[in-house]
Amino acid sequence: AQTVTQSQPEMSVQEAETVTLSCTYDTSENNYYLFWYKQPPSRQMILVIRQEAYKQQNATENRFSVNFQKAAKSFSLKISDSQLGDTAMYFCAFIGDGGATNKLIFGTGTLLAVQP
Amino acid sequence: DGGITQSPKYLFRKEGQNVTLSCEQNLNHDAMYWYRQDPGQGLRLIYYSQIVNDFQKGDIAEGYSVSREKKESFPLTVTSAQKNPTAFYLCASSNLAGTQETQYFGPGTRLLVL
């Protein structure tokens, strides 16, 4: 079975500092997609960044970047120059490329608090 | 504006009552999904549909029903058989064409039992 594990229930970072959120996953598939979603207090689920497993280059989106280690099945999110608006729950998610479901499998989330 | 809308934002259900949550998208996406979110947990898939007039059960379909009569719409009915319906419900859609697998989410509906 495919699983996603986020081992940090809560994290805190000072404004303008850098923070890294951890995510590991388990799958037997060779090709798949990984995502980080952000859920602020409004509870809207917002896509932060996406990584295709067949791409060796780590994805980046402005202040957000990932460290994708396929062999270790690790997919961490780095937030640089943290801003107060980054305060949210962050979910790591996985989706396989071979199945018919297109089902996103989510971790349990990491609550990030950015302190002024 | 392109996007996904869900209504209502809050919904109250009485014991034994069926309620329907609305989800509409104007992104021309083929696939639509319903997820349930409980405190301290990630999202779990209830139902999904890849094409009009077709849908499949997800991991926690018991007590729920859906329909997909139009590409833009995927309503979810929470039936009286669902014994613990209090949760946050999120609708999502994705374009199955090509390699795009990203799912985009609506703003959600909070369901509470009276």
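Using a 1.4 angstrom probe on heavy atoms only, work out the carbon and sulfur share of the accessible area of chain A in %. Ligands and nucleic acids excluded, carbon and sulfur reach 46 percent.
What is the magnitude of the charge dipole of chain A about its Cα centre, with +1 placed on the Cβ of each Lys and Arg, -1 on the Cβ of each Asp and Glu, and no other charges, expressed in debye to the nearest 20?
Around 220 debye, computed over chain A.
The mean accessible area for residues of the protein assembly as shown, using a 1.4 Å probe and ignoring ligands and nucleic acids, is 47 Å² per residue. Hydrodynamic analysis of region A:49-89 uses the Kirkwood radius over alpha carbon pairs. Inserted into Stokes-Einstein at 4 °C and 1.567 mPa s, it gives a translational diffusion coefficient of 115 µm²/s.
The alpha carbons of chain B give a radius of gyration and a Dmax of 13.4, 45 Å, in that order.
Summing charges over neighbours of B:CYS23, with a neighbour being any other residue whose Cβ is under 14 Å away from its Cβ, gives +2 when K and R count +1 and D and E count -1.
Run through every distinct alpha carbon pair of region A:53-116 and return the Kirkwood hydrodynamic radius in angstroms, one decimal place.
Value: 13.7 Å, from the Cα pair sum.
Using only the C-alpha atoms, the convex hull of chain A corresponds to 96 Å³ per residue. Which residue, chosen from B:TYR10, A:GLN14, A:GLN57, occupies the Cα position most advanced towards the positive end of the dipole of the protein assembly as shown, where the dipole is computed from +1 (Lys, Arg) and -1 (Asp, Glu) charges on Cβ about the Cα centre? Positive-end residue among those listed: B:TYR10. For region B:58-74 and region A:32-50, compute the distance between their C-alpha centroids and round to whole Å. Each part reduced to its Cα centre gives a spacing of 22 Å. Solvent-accessible area lost on pairing B with A (1.4 Å probe, both sides summed) amounts to about 1900 Å². Take each residue of peptide A:27-36, count the partner chain Cβ atoms within 10 Å of its Cβ, and average: the result is 1.
Largest first, the residues B:VAL113, A:VAL13 sort by 1.4 Å accessible area into B:VAL113, A:VAL13. For region A:6-66, the square roots of the Cα gyration tensor eigenvalues, ordered a ≥ b ≥ c, give a/c of at least 1.5 with a/b greater than b/c, which places it in the prolate category.
For A:GLY109, the residues 5 or more places off, or on other chains, whose built amide H falls under 5 Å of its own are A:GLN6, A:CYS92.
Counting Lys and Arg as +1 and Asp and Glu as -1, each charge on the Cβ, what is the dipole of the protein assembly as shown about the Cα centre in debye, to the nearest 20?
Numbers: 20 positive and 21 negative charges, 83 e Å.
About 400 debye.
Counting every pair of alpha carbons in the protein assembly as shown, the share spaced more than 25 Å apart comes to 41 percent.
If you roll a 1.4 angstrom probe over the protein chains with everything in place, what fraction of the accessible area of region B:1-113 belongs to carbon and sulfur, to the nearest %? Heavy-atom surface of region B:1-113 belonging to carbon and sulfur, 1.4 Å probe: 47 percent.
The values are calculated or read from the model by the stated rules, or taken from the named source; none is laboratory data. Nothing here was measured: the structure is a model prediction, and the numbers come from that model. Note: ideal-geometry Cβ built from the backbone for every residue, glycine included; neighbour counts use all protein chains shown. Note: areas computed on protein heavy atoms with side chains; ligands, DNA, RNA excluded. Shrake-Rupley method; radii C 1.70, N 1.55, O 1.52, S 1.80 Å.
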